[in-house]
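For reference, the structure is listed below as structure tokens.
The values are calculated or read from the model by the stated rules, or taken from the named source; none is laboratory data. Owing to the predicted nature of the structure, the values given are computational and were not obtained by experimental measurement. As a convention, Cβ positions derive from the backbone with ideal geometry for all residues, glycine included, and neighbour counts pool all protein chains shown.
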Amino acid sequence: MNTANSNVNNQNVNQPNDRMTFMTDEEKIINKLEADGFTDQFKVEKKLLRSTTDPKKTYKAKEIKAVNFYRYEGNSDPDDMSIIYAIETSDGRKGTLIDAYGRYSDEETGAFMQDVEIQKKVSSKWKA
């Protein structure tokens, strides 16, 4: 088994993910996040984060935080990049928000996420 893949499978969502810099398979991290309780899926609509499993649930940027994020690059096309945010809401929901990264990103999602508290977890070896 590839060491990179075993790191993804063993990674706790609350642990630093600086080893993810090399990019990895999106599906594996989504499965891991779901196993860790991030089961809801979100999208940004009309300046609100909306649950796709319960569309009546919407959140303003100040009502959520991104507890971590993961960036990916397509295997065959380096321009095919995406980002997965692990989201926690003020009422306890946990889920993911996926967006393209770079020139194909959704402008509305990007603008919304600029107002969200984002907590990138990195190991102490990278802290000053």
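Looking only at residues in segment 49-61 that are surrounded by 15 or more Cβ atoms within 10 Å (Cβ to Cβ) and without any contact (Cβ under 8 Å) to a residue 24 or more places away in the chain, which one is farthest from the chain's Cα centre (by Cα)?
We begin by selecting, within segment 49-61, every residue surrounded by 15 or more Cβ atoms within 10 Å (Cβ to Cβ); these are 49-51, 57-59, 61.
Going one step further and asking which of them are without any contact (Cβ under 8 Å) to a residue 24 or more places away in the chain, we end up with 50, 58.
Values: Arg50: 15, Thr58: 18 Å.
Only one residue fits best here, namely Thr58.
Against the conditions (1) at pLDDT 90 or above; (2) assigned to a loop (DSSP other than H, G, I, E, B); (3) of a type in the set (S, T, N, Q), Thr109 satisfies every one except (2). Name the single residue, out of those in segment 112-128 being among the basic types (Lys, Arg) and closer than 22 Å to Ala35 by Cβ, that is modelled with the lowest pLDDT. Of everything passing the filter in segment 112-128, Lys121 is modelled with the lowest pLDDT. Restricting segment 27-47 to residues that are surrounded by 16 or more Cβ atoms within 10 Å (Cβ to Cβ) and in contact with a Phe, Trp or Tyr (Cβ under 7 Å, 6 or more places away or on another chain), the residue that is modelled with the highest pLDDT is Val44.
Annotation for segment 78-90: at least one member residue is over 12 Å from the mean Cα position of the chain (by Cα), modelled with pLDDT of 90 or more, surrounded by 15 or more Cβ atoms within 10 Å (Cβ to Cβ) and part of a strand (DSSP E or B).
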